[in-house]
Amino acid sequence: MKALMMAGSALRRLARDRLALFFIVLLPVVIIAVIGITFGDAASERLPVGIADEGAGPLGDQLRAGLVASPALDARAYDDPDALRKAVRRGVVSAGVVLPAGYDQALRAGRPAEVTFVVDQTRPAPAPVRTAVSAVVARQAAEVKAARFAAERAGVSFDTALARARALADGQEQVRVEATTIGGREDALPTGFNYTAPANLVLFVFITSLAGAAGLIEARRLGVIRRMLATPTTTATILFGEALSRFAVALLQGMIIFVVGWLVFGVDWGDPPAALVLVLTFALVGTGVGMLLGSVLGNAEQATSIGPPVGIALGMLGGCMWPLAIVPEPMRVIGHLFPQAWAMDAFIALIAKGATITGIALQLAVLAAFAVALLALATWRLRKTLAG
Amino acid sequence: MDNDPVLWCKDLRKRFKERLAVDGVGFEVAPGETYGLLGPNGAGKTTTISMICGLLRRDGGEVTVAGASLDRDPGQVKAAIGYVPQDVALYPDLSGLENLRFWGRMYGLAGRDLAERVEATLEVVGLTERAGDRVADYSGGMQRRLNIAAGMLHRPRLLVLDEPTAGVDPQSRNAILANVEALGGEGIAVLYTTHYMEEAERLCDRVGIIDQGRLVAEGTRRELVARVGERDRIELAATGDLAGLAAVAARVDGVDEASVVGGGVHLVARDGRRLLPRLLEAAEHSGAEVTSVELVEPDLEAVFLHLTGKALRD
Ligand SMILES: Nc1ncnc2c1ncn2[C@@H]1O[C@H](COP(=O)(O)OP(=O)(O)OP(=O)(O)O)[C@@H](O)[C@H]1O
Ligand SMILES: [Mg+2]
């Protein structure tokens, strides 16, 4: 069948687009991992850690800020590595971190850079300290990697790319801090990976779908769609094939996050069939969004550049950055104008409240309605532009 | 049956808001015939072709391809046509091979048949060695050749080529023209648009001249030229009694003017090709020796100028 063939071809093209693969596969997993690890089990007491900066530069400052901000750590500054080692030996701090000179330049240049972790051999540092420090370091490594990748591929400056990568991770971080301060309501909310995995699934599937409109816009601009219309293939089949291409990508990303969340991060998705139906339905919403955007925008760059900011903004409103249970009523109402909020409600019901498919029927129905409306609108627009 | 036209269209009309882009165009293309639509930018060539290929709604007119009506059997009509768009329409991030497989499947080819056709077509357009490379890495000329290949895969009865040589280097251009010439030999009907007079003259059995949405004249090159009534110019280079040669030549039936120009004699004649033998025979007795003969026939450029009062290209 031609529509399937078109979707297959779209996936093959995607498999060659390393930047797209990075955003679709790697980034969500990295973000879930880092945020989940850093704020998985909020430590009750902060453990003292010493920091000595040998002139590591701006990225060194960022790393230090990360350590200072880490809720598990009580970071203290030392003038030089020797003073730091002495403090570790005497047990004043449970471990130390030395930020070497040239750290910033090395990372920017793509060379490996090492921060030294100082411990007393007779008294190993407590596990939470190791975890928290390596999480902060891992996060910076991921951000730098992302930024270097984006800077090379997309031609933005390293600093712009880095700022973007940090913003993506940042918004979500505050979340976890806030979520753990609410106390009373928490029993109804999933914590740790059980929140970050579905939140990022919803966030990323939507962003990917927005950006995925670029493929349709390109196909229109290149005259490929027109050429398809000259083959013995009906307009309906062509539109179905294009929709199927977007759906395949959205579903693929949703399933990757689903499976990785389950196997690697131990996420309990609740009733598995219900969760799968939910992922599928949300992928359909993404398909509709991609097709509609692809029918109205004039060039592909518009789609790829509005994807992340719009996706993040709607993610904030829709409860992907912090649970809507903690926001004031009006914000919750506004949030439910967008599909993200309904999807998050359904995931939270499945994960934290043990709901089955009937328990999320309303959310599924609303999401299906979003999908149908978006797809109908997109089909109508595309048919109009293609008919000439 | 064999001599029924592959393409038959009549009274095609299309209006874009205020602009009448195509206004009553109709013609036929026979099997093995190459038909050229010759006209300047904006004449309505692409619009005409788009309507024939079912890509553009018609305001009026009929199209029949290989016996099927576009209104009743659009699928059958499209299956019989190989459409090569004016601008390269391929996936730049797929290889040439993958593109051809894709387009072959869109035309309903599959399996062994698809593989064989892809291989053969790559050979025809001379891209076998680059088949595995991404189309984005092809030169402009190579992209154009692949663009044509994608339209020939399914052995269409009618191949529609919209300015396939626009903006192409001379080498690729020659390759493309040779491909098109070969197609006519295989019995494929070709509809070819161009605003290059030389291409229409070289390739096309018949030419339709289109201007401002109207077919202003149609026929073989000779018919068109004759219709305009332009006379040929014959340039004789000669030694000896040039004035005598001119006088003798002027008395040959069909020669309207004869004058000595430089080292020879220039004649203005009707149907110069036919009277050349008589002319040379007469020259034998003139006291001058003819060393070379050049016949300059009026070309389609002159025809276009005559019909529309303007040059084909500005
Ligand atoms: N989609 C459209 N909307 C409005 N006007 C159009 C459209 N397509 C073509 N036209 C107009 O119709 C006329 C014929 O255009 P067409 O593209 O058929 O010319 P053409 O002979 O193919 O020219 P070229 O040699 O430049 O390709 C032009 O005046 C053009 O501006
Ligand atoms: Mg044109």
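Within the stretch A:206-264, being part of a helix (DSSP H, G or I) and of a type in the set (Ser, Thr, Tyr) holds for A:Thr208, A:Ser209, A:Thr235, A:Thr237, A:Ser245. The residue of the stretch B:71-125 that is farthest from B:Leu158 (Cα to Cα), among those that are aromatic (Phe, Trp, Tyr) and away from ligand 1 (no atom under 16 Å from the Cβ), is B:Tyr91.
Annotation: of all residues in the stretch A:53-104 being outside any helix (DSSP H, G or I) and free of Cβ contacts under 8 Å to residues at least 40 places away in the same chain, the one that is farthest from A:Ala161 (Cα to Cα) is A:Gly91.
Please determine whether any residue of the stretch B:6-22 is in the same structural domain as B:Met197 (by TED's automatic domain parsing), away from ligand 2 (no atom under 16 Å from the Cβ), in contact with a helix residue (DSSP H, G or I) (Cβ under 9 Å, 6 or more places away or on another chain) and at positive phi. No, because not a single residue in the stretch B:6-22 is in the same structural domain as B:Met197 (by TED's automatic domain parsing), away from ligand 2 (no atom under 16 Å from the Cβ), in contact with a helix residue (DSSP H, G or I) (Cβ under 9 Å, 6 or more places away or on another chain) and at positive phi. Considering the stretch B:169-213, and only residues there that are within 16 Å of ligand 2 (Cβ to nearest atom) and charged (D, E, K, R), the residue that is nearest to B:Thr46 (Cα to Cα) turns out to be B:Asp211. Just to be sure, is A:Ala283 of a type in the set (Gly, Ala, Ser), within 14 Å of chain B (Cβ to nearest Cβ) and either in contact with a His (Cβ under 9 Å, 6 or more places away or on another chain) or crowded, with 19+ Cβ neighbours inside 10 Å (or both)? No: the conditions fail for A:Ala283. Taking the conditions (1) within 21 Å of B:Glu129 (Cα to Cα); (2) within 14 Å of another protein chain (Cβ to nearest Cβ); (3) not polar (S, T, N, Q) in turn, B:Asp162 satisfies each one other than (1). Within the span defined as the stretch B:20-27, one or more residues are within 16 Å of ligand 1 (Cβ to nearest atom), away from every other protein chain (no Cβ under 14 Å) and closer than 14 Å to B:Val190 by Cα. Of the residues making up the stretch B:133-170, those that are within 16 Å of ligand 1 (Cβ to nearest atom) and either more than 17 Å from B:Leu97 (Cα to Cα) or aliphatic (A, V, I, L, M) (or both) are B:Val160, B:Leu161, B:Asp162, B:Glu163, B:Pro164, B:Thr165, B:Ala166, B:Gly167, B:Val168.
Within the stretch B:81-104, the set of residues being crowded, with 22+ Cβ neighbours inside 10 Å, within 19 Å of the chain's Cα centre (by Cα) and either of a type in the set (Phe, Trp, Tyr) or within 16 Å of ligand 2 (Cβ to nearest atom) (or both) comprises B:Tyr83, B:Val84, B:Pro85.
Screening B:Ala79, B:Ala66 for residues that are touching a residue at least 60 places away in the same chain (Cβ under 8 Å) and at the interface with chain A (Cβ under 8 Å from one of its Cβ atoms) leaves exactly one candidate, B:Ala79. Criterion applied to A:Ile334, A:Ile306, A:Ile351 was being within 18 Å of the chain's Cα centre (by Cα), of a type in the set (Val, Ile, Thr), part of a helix (DSSP H, G or I) and in the same structural domain as A:Asp271 (by TED's automatic domain parsing), and the one residue passing it is A:Ile306.
Annotation for the stretch B:99-119: at least one member residue is at the interface with another protein chain (Cβ under 10 Å from one of its Cβ atoms) and polar (S, T, N, Q). Are any of the residues in the stretch A:289-298 closer than 25 Å to A:Leu222 by Cα and surrounded by fewer than 17 Cβ atoms within 10 Å (Cβ to Cβ)? Yes, that holds for at least one residue. Filtering the stretch B:218-232 to residues that are assigned to a loop (DSSP other than H, G, I, E, B) and modelled with pLDDT of 80 or more leaves only B:Thr220. When both residues are 6+ apart or on different chains and their Cβ atoms are under 7 Å apart, which pairs have a first residue that lies in the stretch A:344-365 and is touching a residue at least 12 places away in the same chain (Cβ under 8 Å), and a second that is surrounded by 20 or more Cβ atoms within 10 Å (Cβ to Cβ) and charged (D, E, K, R)? Note: pairs meeting the criteria are A:Gln363/A:Asp345.
Here the condition is being closer than 30 Å to A:Gly266 by Cα, within 14 Å of another protein chain (Cβ to nearest Cβ) and either surrounded by fewer than 18 Cβ atoms within 10 Å (Cβ to Cβ) or not polar (S, T, N, Q) (or both); of A:Leu4, A:Leu63, A:Leu14, it holds for A:Leu14 alone.
The lone criterion from (1) within 16 Å of ligand 2 (Cβ to nearest atom); (2) more than 9 Å from every other protein chain (Cβ to nearest Cβ) left unmet by B:Ser50 is number (2).
Per the conditions (1) under 29 Å from A:Ser305 (Cα atoms); (2) modelled with pLDDT of 85 or more; (3) outside the structural domain of A:Asn200 (by TED's automatic domain parsing), the sole criterion not satisfied by A:Leu84 is (1).
Right, A:Lys384: farther than 25 Å from A:Glu242 by Cβ and charged (D, E, K, R) or not? No; evaluated as a whole, the condition is false for this residue. For the stretch B:187-195, the condition holds for no residue, the condition being that it is touching a His at 6+ places or on another chain (Cβ under 9 Å) and either crowded, with 20+ Cβ neighbours inside 10 Å or modelled with pLDDT of 85 or more (or both).
The values are calculated or read from the model by the stated rules, or taken from the named source; none is laboratory data. Keep in mind the model is a prediction, meaning the values are calculated, not measured. Note that we place each Cβ from the backbone using ideal geometry, even for glycine, and neighbour counts take in every protein chain shown.
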